[in-house]
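What follows is a single structure, written as structure tokens, with notes after it.
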Amino acid sequence: MPWKWSWLLEEAGVRKLLSTSSLLYRYLLGRGDGASEVVKCALCPNMCRHACPVSIVDGRETTSPAGKSRLAMLMERGLLELNQETVKPVYACLSCEACKRWCYFEFSVSELLQRVKSKSVSAGFAPPGALEVLSNLRSYGYAYGRPGRVAPQRGEILYLAGCTVREYLPGLAEKTVKLLEENGWKVAVVDEKCCGVPAYYLGDLELFKEVARTSRETVSESGAETVVTSCPSCTYAMRVLYPRFGVKLSFRVLHITELLSQHLNRFKTSSNKSVKVTYHDPCKLSYSLDEPDLLRNLLVSFGVTVVDPWRRGRETFCCGYGGGLSFSHPQLAKMIAGERVRELSQYAELAVTACPTCKLAFQSNGYNAVDIVELVYDLTR
């Protein structure tokens, strides 16, 4: 009778390597012939666990990075039934990619979980909040249901506010357009659609491609050669994910912090204004767009007194609302946001971020946070 875990050794290609030292040596060198990425992650001693906000706050093995990969591996092989309960821990992921920074193989656990998420969406087993968002995207091209209409206007750069700003922070959109126009740009706006990134995070890749193509056409019809977004996830989706899924762009995409940093000479701040802040580096800006110092550098450039938080830059800590977690696990998202608020509030009464979702997460948990655009807007009055 075969050993019950012999299938795992076959998958990893290490049946003949029975010593622990040899097995680990092969894996650490990436030479586990035949092993899929999810198997390598599942067998890993969870070295990235200390950096995972979900694992730090939730504290359960099933929602640790390797724990989620083990569940995904078992479901992929048909050794664990795919249902609403078994996939629930798989959705306890912020897609922040903190794990990738500490992984020898540079795996993104979020990406390793995509196949199981896709299967769960197809079978209707994704968490109810996730299914609701996907339904909204499918029906309206907007994460929160039927959106309000926006009157288009032409301009040299196109500003895309994103779903969170449109739904919860319309004042941020108004200040962004006004700040840019006051400092020399003619800003275009359109009746925009979602960039599609919630569908990507939640596992509906076909819907993501469909929404991405629609978003690209909306932008292309505006005639703008440059797109500026408030949300770093929108920038990441359009600049990184769209080409990966064959959605080619004829325009360049910048996050608002990138535009500000490239044109600092246009902005004149009031010399009699002094402000002390700490800051929160959004995951997608620091990790996925590889701009770990951009927010801090901007604050210094505008003459702000900056107090560095413990977890920042390439070691930032997610706000808790990323990756669709606020849809699939709202209580866990709130707990993670609370953990981040407790840290930031030790440094200053006001935190500056560069992501509207992060601002929303902090404000929803009773902490005073502003977007970098709002701060610059006030400093230039």
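The values are calculated or read from the model by the stated rules, or taken from the named source; none is laboratory data. Everything numeric here is computed off the predicted structure, so don't read it as measured data. Every residue, glycine as well, gets a Cβ built from its backbone with ideal geometry; the counts of neighbours run over all protein chains shown. For accessibility, only protein heavy atoms count, side chains too; no ligands or nucleic acids. Shrake-Rupley method; radii C 1.70, N 1.55, O 1.52, S 1.80 Å.
Separation of the alpha carbons by more than 27 angstrom is noted, of Lys186/Lys268; Lys88/Lys284; Lys186/Lys209; Lys248/Lys334; Lys175/Lys209; Lys117/Lys334, for Lys186/Lys209; Lys248/Lys334; Lys175/Lys209. When you work out D = kT/(6 pi eta Rh) for the stretch 283-362 at 20 °C and 1.002 mPa s, using the Kirkwood radius from C-alpha pairs as Rh and the Stokes-Einstein form, the result is 163 µm²/s. Highest mean first, the peptides 171-181, 329-339 sorted by other C-beta atoms within 10 Å per residue fall in the order 329-339, 171-181.
Rolling a 1.4 angstrom probe over the chain with all protein chains present gives an accessible area of which 50% lies on carbon and sulfur atoms.
Give, in nm to one decimal, the length gained when the segment between Arg77 and Lys276 is fully stretched (0.36 nm per residue of separation minus the Cα-Cα distance).
Numbers: separation 199, 0.36 × 199 = 71.64 nm, distance 5.34 nm.
Computed gain between Arg77 and Lys276 is 66.3 nm.
For the chain, the longest principal axis of the alpha carbon atoms and the long axis of helix 114-123 meet at an angle near 90°. Remark: the stretch 157-262 projects, on average over all directions, an area of 6.3 nm² (convex hull of Cα atoms). Calculated mean residue ellipticity, 222 nm, the chain: -12500 deg cm²/dmol, from DSSP H runs (n ≥ 4) at -39500 (n - 2.57) each, averaged per residue and rounded to 500.
By the compact-protein rule of thumb, 2.2 N^0.38 Å, the alpha-carbon radius of gyration of the chain corresponds to a ratio of 1.04. Pair-distance distribution P(r) for the stretch 155-197, from all Cα-Cα distances in 5 Å bins starting at 0: 5, 22, 31, 23, 14, 4, 1 percent. Any idea how far apart Phe105 and Glu221 come out in nm if each label point goes 7 Å out from Cα toward Cβ? So the label points at Phe105 and Glu221 sit 4.3 nm apart. Could you list the residues of the stretch 215-229 with an amide nitrogen less than 14 Å from a label point located 7 Å from the Cα of Val150 in the Cα-to-C-beta direction? Hits in the stretch 215-229 for Val150 at 14 Å: 215-224, 227-229.
Net charge in the neighbourhood of Glu61 (other residues with Cβ under 12 Å of its Cβ; Lys, Arg +1, Asp, Glu -1) is +3.
Show me the ranking of peptides 273-286, 214-227 by mean Cβ neighbours inside 10 Å, starting with the highest.
Working: 273-286: 22.4, 214-227: 17.0.
Packing order, densest peptide first, comes out as 273-286, 214-227.
Its Cα gyration tensor gives the stretch 201-347 an equivalent ellipsoid; the semi-axes, largest first and in whole Å, are 29, 23, 11. Working ranking of peptides 202-212, 113-123 by packing, defined as the average number of other Cβ atoms within 10 Å per residue, highest first, is 202-212, 113-123.
Modelled spin-label separation between Arg138 and Val300, with each label point placed 7 Å from Cα along the Cα-to-Cβ direction: 4.9 nm.
For the chain, the relative contact order is 15 percent, taking Cα pairs closer than 8 Å that sit 6 or more residues apart in sequence and dividing their mean separation by the residue count.
The C-alpha atoms of the chain define a longest principal axis, and helix 65-76 lies at about 60 degrees to it. Among the cysteines of the chain, those with no neighbouring cysteine Cβ under 4.7 Å are Cys41, Cys44, Cys52, Cys93, Cys103, Cys163, Cys194.
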